[in-house]
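Only one structure is covered here, and it is reproduced in the block below.
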Amino acid sequence: MTRSGYASPMNLLHGKSLLVAMAFVSLATGARPENGNVGMSGGLSAAQIVEQMQSRDQTRTEELKHYRTLRQYEVEYRGLGTLAAKMTVEVNYDIASGKNLEIVSQSGSKFLIEKVLKRAVESEKEAFHDKASMALTTANYKFQLVGNDTLGGRPAYVLHVEPWSPSKFLYRGKAWVDAADFAVAKMETQPAKSPSFWISQTLIHYTGVKTDGFWMPQQMRSETSVRVGGAAVLTINYGNYEIASDLQ
C-alpha cells in the first residue's frame, strides 16, 4: 500500500498470485492414482467420499515416484492500461528430494514477471513444505454432498467445500470428485477471505486430467476484479507429464 493508503492494481496482482499458488499447492504436487476397479457407488455420504479421497492421497504419495512437466504461466491485467507476461517453468518432482521449479523462459511486462509470476513460483516452493495446512482434508474443510454430475463421460460427486476458519489461503465453493477414482477432477471456488479490500471478487477454476494412471492438474485459471477498476487473469497450464511410478 502507498503512503496515501491506495493499493495499486499491480500490487493487488502480487497478493493474488501468492494466494493462488498457496491455495492449490496440494493439487499441484501430484495427484490421486487411478483405481479402475471402483465404480459409482450409491448411497455414499460426504464423509465416506472424503475418506476415500484422503486414502487415495496416501496411496499416491507412496506410488508416485517422479514426474516432469513444462508449465506455462500467463498473467494479463486490463484496466488502468494493459499489461501481460508469460513464463515457462520446468517442474521436476521426486519422492526422495521433493519438487523443484526452474524458470526456463519469460517474456512481457517486467513488472508482472517480477511481482506476480516469479513470486507465484517462489510461494509454491515455500508452500510445498506446508501442504497439510492447505490440503483439501477434513482437518481444514467441512464437506457437503450437493449432487451428482458427469465429466467427460465419467460420473462424479459434487461436494460443497467450506473451510472451518476463513483464511485467504483457503477457499470455498464446489469440487467435482471422480466417482471411480475419488480424485478431484474439477473445482470452482473463491477465496474464503479476500487478501485485500481492493479485490472485489476472485473466481478460481481448476481442472484435472488422468495421465498414466494418475490424476494430475491440467489447468488453473484465476479471474480477479479490482474495486478501483480493471481485472486480472492468471492462467497456469500444467503441460504434458512424464511420470514414473509403482504402477508402471
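For segment 179-191, how many residues meet the condition of being out of contact with any helix residue (DSSP H, G or I) (no Cβ under 7 Å at 6 or more places or on another chain), surrounded by 19 or more Cβ atoms within 10 Å (Cβ to Cβ) and either part of a strand (DSSP E or B) or free of Cβ contacts under 8 Å to residues at least 12 places away in the same chain (or both)?
Residues in segment 179-191 being out of contact with any helix residue (DSSP H, G or I) (no Cβ under 7 Å at 6 or more places or on another chain), surrounded by 19 or more Cβ atoms within 10 Å (Cβ to Cβ) and either part of a strand (DSSP E or B) or free of Cβ contacts under 8 Å to residues at least 12 places away in the same chain (or both): 4 in total.
Restricting attention to segment 196-206, does a residue exist that is touching a residue at least 12 places away in the same chain (Cβ under 8 Å), in a loop (DSSP other than H, G, I, E, B) and closer than 23 Å to Q48 by Cβ?
No - not one qualifying residue is present in segment 196-206.
Which of (1) in a loop (DSSP other than H, G, I, E, B); (2) under 15 Å from L136 (Cα atoms); (3) not small (G, A, S) is the odd one out, the single condition N240 does not satisfy?
(2)
Which number in (1) crowded, with 21+ Cβ neighbours inside 10 Å; (2) of a type outside the set (G, A, S); (3) closer than 15 Å to Q48 by Cβ marks the one condition that W176 misses?
(3)
Read through the list (1) closer than 27 Å to A244 by Cβ; (2) within 18 Å of the chain's Cα centre (by Cα); (3) not acidic (D, E), then give the number of the only condition that A175 fails.
With respect to (1) closer than 27 Å to A244 by Cβ; (2) within 18 Å of the chain's Cα centre (by Cα); (3) not acidic (D, E), A175 is out only on (1).
Across segment 145-168, what is the number of residues that are surrounded by fewer than 18 Cβ atoms within 10 Å (Cβ to Cβ) and touching an Asp or Glu at 6+ places or on another chain (Cβ under 8 Å)?
4
Any read-out appearing in this document is the output of simple, stated calculations on the displayed coordinates, not a laboratory observation. On a predicted model such as this, the values are computed, not experimentally measured, just so you know. Using ideal geometry, Cβ is built from the backbone for each residue, glycine included, and neighbour counts are taken over all protein chains shown.
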